[in-house]
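Let me begin by presenting the structure, written as structure tokens, before commenting on it.
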Amino acid sequence: MRGIRAFGFATAAIALLLGSASTAPAQSEWPNRPIRIVVPYPAGGIVDIVARTVTEQVGRDLKQAIVVEARPGGNSNIGTASVARSDPDGYTWLVTGPAALVNPTLYKDAGWDPMQGLKCVGLAIWNQSVAVVNTSMPAKTLKEFLELARSKPGHYNFGNPGTGSSIDLTAQKLFQTADVKLTNVGYKGQPPALIDLITNLMHFEIVSLALALPHIKQGTIKPLAVFTEKRIADLPDVPTIAEAGYPGASYISWYGIYVPAGTPDALAEKINQAINKALTNPEVQRQLSIADIPGKPMSLKELAALMKADHDKLTAVVRDSGMKAQ
């Protein structure tokens, strides 16, 4: 009887060891199937372009297929929530901007908690933007325009490409810093808002540099300040937001790459290293530089700190501005 029991224990121990041995290679072999990248915005937009530019290189480096899936809806809530609720196995990623951090403050049923449901594993780009007005606007500087706006509260309008978007948050931070009130006019994205600015239906907008530069060079809109740390080569005469007199409004939004929060640290580290490698690739750098959206490799610790700092900062902007979901 004792011999039978001893044999049983030995068999169980061997099975346990074999099970552990078979599990280890499976984890170390990641990725062994296609990785799905969810973009919670329409295809063809700036986030979609960034996702493809960076993650396609990741796929080449990992020798694995990357499938980019545009899943818009609910002001990015639908796609973001789907990733936060997905299996934490390293095969479902999210590429998005500040909405991932602030939408749960704007929407009661956004579907995730940014600090509990998501883990940032890579920084795709810093989204540089520029404050612009129609060429007929008499103001020659940002300070002159904001002084006009302060003298006539609500008279001038602001073309808002989306409540809670990176552009909206940047604008609200500026308006709070300058203590001005503009009439908010909502749009579904930057392109239609920019068209109305060019045709003089809007007074003021903040636009991604990649989208605004061609029109600035054509002389159809007037730049007042860039939301960058330093002046950019394409607009050497345009001051930074700090140089324009509003250093407190110098928020520069960024697009991150996220996975479900439950993703094991060791796997998250592998993903982070793959993204950082792609961001240093000369061709990826060239493509991002064309659109003035530079990437910056960062560690998981740095990303977690950035995520926490921006969550606190942006939720304060939402609270203080009285911003409401539309």
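Some values worked out for this structure:
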{"quantity": "Residue ranges of helices (runs of 4 or more DSSP H) in segment 179-282 with at least 3 members small (Gly, Ala, Ser) and in the same structural domain as Gly117 (by TED's automatic domain parsing)", "calculated": "265-279"}
{"quantity": "Residue that is farthest from the chain's Cα centre (by Cα) [pool: residues in segment 294-326 that are outside any helix (DSSP H, G or I) and surrounded by fewer than 17 Cβ atoms within 10 Å (Cβ to Cβ)]", "calculated": "Gly322"}
{"quantity": "Whichever residue in segment 222-255 is of a type in the set (Gly, Ala, Ser) and in contact with a Leu (Cβ under 6 Å, 6 or more places away or on another chain) and, among such residues, is surrounded by the most Cβ atoms within 10 Å (Cβ to Cβ)", "calculated": "Ala225"}
{"quantity": "When residues of segment 135-155 are limited to those that are outside any loop (DSSP other than H, G, I, E, B) and without any contact (Cβ under 8 Å) to a residue 12 or more places away in the chain, the one farthest from Ala212 (Cα to Cα)", "calculated": "Ser151"}
{"quantity": "Residues located in segment 72-95, provided they are over 20 Å from Lys270 (Cα atoms) and among the hydroxyl-bearing types (Ser, Thr, Tyr)", "calculated": "Ser76, Thr80, Ser82"}
{"quantity": "Among (1) modelled with pLDDT of 90 or more; (2) of a type outside the set (Ser, Thr, Tyr); (3) within 14 Å of the chain's Cα centre (by Cα), the one test that Ile66 misses", "calculated": "(3)"}
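The values are calculated or read from the model by the stated rules, or taken from the named source; none is laboratory data. Not measured: the values here are computed from a predicted model. Note that we place each Cβ from the backbone using ideal geometry, even for glycine, and neighbour counts take in every protein chain shown.
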